[in-house]
1. Looking at (1) closer than 30 Å to GLY19 by Cα; (2) part of a strand (DSSP E or B); (3) not polar (S, T, N, Q), which one does ASP144 not meet, given that it meets all the others?
2. For the stretch 115-139: of the residues being hydrophobic (A, V, I, L, M, F, W, C), in contact with a strand residue (DSSP E or B) (Cβ under 8 Å, 6 or more places away or on another chain) and in a helix (DSSP H, G or I), which is nearest to VAL85 (Cα to Cα)?
3. Scanning the stretch 21-69 for residues that are within 20 Å of the chain's Cα centre (by Cα) and among the β-branched types (Val, Ile, Thr), which turns out nearest to PHE141 (Cα to Cα)?
4. Here is a check on your reading of the model: is ALA81 modelled with pLDDT of 85 or more and surrounded by fewer than 19 Cβ atoms within 10 Å (Cβ to Cβ)?
5. Do we find that GLU103 is in contact with a strand residue (DSSP E or B) (Cβ under 8 Å, 6 or more places away or on another chain), modelled with pLDDT of 90 or more, under 25 Å from VAL155 (Cα atoms) and part of a strand (DSSP E or B) in this structure?
6. Which number in (1) in a strand (DSSP E or B); (2) in contact with a Phe, Trp or Tyr (Cβ under 8 Å, 6 or more places away or on another chain); (3) touching a residue at least 24 places away in the same chain (Cβ under 8 Å); (4) not basic (Lys, Arg) marks the one condition that GLU89 misses?
7. Need the failing condition index for PHE77 against (1) farther than 27 Å from LEU23 by Cβ; (2) outside any strand (DSSP E or B), just the number.
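The values are calculated or read from the model by the stated rules, or taken from the named source; none is laboratory data. Note that the structure is a prediction, hence the values are computed from the model and not measured. Cβ sites come from the backbone with ideal geometry, for glycine too, and all protein chains shown count toward neighbours.
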Amino acid sequence: MSIVSCTHREHSHSLIYEGFPVLIKAVHGGGGKGMRTVHCPTSFLEALESALKGFGDAAVLVEKFIERPRHVEVQVFADTAGNTVSLWERDCSVQRRNQKIIEEAPAPGLSSELRADLGAKAVAAAKAVNYVGAGTVEFIFDKDTDKFFFMEMYVKALCLQNGQG
């Protein structure tokens, strides 16, 4: 591991990392806005400044940049009795400007062991926060190592019609 120290807007930061490249994401960004890839320590501060332009908040996430990723999501449902289930996975890797275009279920090319592991990790994530309802747990899958990394969880609002319009 290495440490990069930098000063940004009068705040000093130390970043512990396992190596480059890394991805800087502005917390208030989205859809690819505020995301910058950094390949070496000397370009970190410049990329940080660029990632934060226009957001008015210095909060960022720094994560390992996956060179050949797949975007895999797992649908989960949890009830108030503590029961949580996975409704399998889908591949959302076909994107344009960081927005999903095609979702393919089941995700192609995953072993049954990897599918089971993804489902178990998604259920564990929902249980860790006592989640209730429908949600999507998103992972980045590294095609080079066959490892996956938690990205985020989205909650879903369910609309149920009772026949009254």
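1. (2)
2. Applying the filter and picking the extreme gives VAL123.
3. Selected residue: ILE66.
4. yes
5. no
6. Of (1) in a strand (DSSP E or B); (2) in contact with a Phe, Trp or Tyr (Cβ under 8 Å, 6 or more places away or on another chain); (3) touching a residue at least 24 places away in the same chain (Cβ under 8 Å); (4) not basic (Lys, Arg), only one is false for GLU89: (2).
7. For PHE77, the failing item is (2).
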